[in-house]
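Trainee: Got a structure for you, written out below as structure tokens; questions coming shortly.
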Amino acid sequence: MTDVAPEVLARLSRRSRVVAAVLGAVGFLYAVLVPLLSGRPALFLALLIVLPVGYAVIFRRRRRPGFAFGHYDGQPAFAAPLTPSIGGALVIVLLEAAGLLVPAGGGGLILPGAAAALPVAALLVASAVAVLLVAAAVAVLRTPPLLRLTAEGLVVTGRPNRLIPWDAFAPCGPAGPEMGRDAIWLQARAGTRGLGREWATDVRGRPPAPGQAWFRLRLRAVLVDPEFLARSLRTYRSNPRLRPAIGTAEGVDDLFGFATSAV
């Protein structure tokens with residue numbers, strides 16, 4: 001088994017969501033209940049900033065080779081979840097913003113006494129926005145893996161989700177990570193949906209193979225090592241016999257054996 005087992009990444013993802021929810025709730029209650037009678041709004045807002053910044057430092061991106069176990073359409077998959085340092089910090093900020101808008105307590109609406117001076121309609125709007133912000137935070141906490149590898153192909157989470165079959169990718173596979181390591185360049189059939197904009201050349205100015213197009217897959221918010229992802233996609237594109245084991249414990253060692261030895 002690899003030194004970055006799928007269970008390790010799954011625990012990291014779950015733990016980061018729990019911590020984000022707890023810190024977000026603390027920030028929400030702080031924004032609602034702590035009055036601004038001290039006349040130090042700068043200190044009040046600074047303490048609100050500490051929670052998301054501290055969270056982001058603790059769960060800063062740790063991109064090491066590996067995937068988590070997941071599912072897609074009832075089938076096992078290798079999954080790459082939302083990067084904790086981005087998703088969790090966003091949850092905390094959304095909940096704190098919701099607390100600032102709740103027209104109750106000294107912290108409500110940021111300024112002391114502001115709630116009492118506003119008309120009922122404005123208070124209702126502020127409350128509605130606060131509810132929407134809480135709903136958005138819950139949606140971020142429930143965000144499914146952004147990328148999943150299945151026996152059928154690569155799944156890109158979106159509205160709707162897109163399944164790109166393995167045979168849609170060029171036989172040569174991805175070119176590898178772009179400078180900055182936040183994206184990889186893929187060759188796939190022209191017209192393939194789910195990979196974003198088609199490019200006439202890659203970052204190095206190379207044209208695609210006939211019938212193919214270049215696609216730039218952004219990975220800034222994805223908890224995955226770009227180079228390992230590129231090698232994994234090449235592995236499954238070139239070795240169909242390995243695909244049935246995707247998402248299973250039996251397939252982990254095979255994937256690392258092939259992907260880490262690929263050049």
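Trainee: For segment 164-256, which whole-number percentage of the solvent-accessible area (1.4 Å probe, protein heavy atoms only) is attributable to carbon and sulfur atoms?
Mentor: Numbers: 2240 of 4330 Å².
Carbon with sulfur: 52 percent of the solvent-accessible area.
Trainee: Take the alpha carbon atoms of segment 164-256, find their radius of gyration, then divide it by 2.2 N^0.38 Å using N residues; give the quotient. Kindly include the intermediate steps, with their values, before the conclusion.
Mentor: On the way: Rg = 13.3 Å, N = 93, 2.2 N^0.38 = 12.3 Å.
That works out to 1.08 for segment 164-256.
Trainee: Another question, if that's okay. Taking the Cα centroid of segment 202-254 and of segment 87-102, what is the distance between the two, rounded to the nearest whole Å?
Mentor: When both Cα centres are located, 35 Å separates them.
Trainee: Still on this model: Using 0.36 nm per residue of separation minus the Cα-Cα distance, give me the extension gain between Val131 and Leu47 in nm, one decimal.
Mentor: Numbers: separation 84, 0.36 × 84 = 30.24 nm, distance 2.25 nm.
Value of the extension gain: 28.0 nm.
Trainee: Can I ask one more? Name the residues whose placed amide hydrogens come within less than 5 Å of the amide hydrogen of Gln212, ignoring near sequence neighbours (fewer than 5 apart) on the same chain.
Mentor: Result for Gln212 returns Ala190.
Trainee: How much accessible area per residue does segment 164-256 have, counting only protein heavy atoms and a probe of 1.4 Å, in square angstrom?
Mentor: Values: 4330 Å² over 93 residues.
I get 47 Å² per residue for this part.
The values are calculated or read from the model by the stated rules, or taken from the named source; none is laboratory data. All values reported here derive from a predicted model rather than from experimental measurement. Accessible surface is based on the protein model in full, side chains and every heavy atom, while ligands, DNA and RNA are left aside. Shrake-Rupley method; radii C 1.70, N 1.55, O 1.52, S 1.80 Å.
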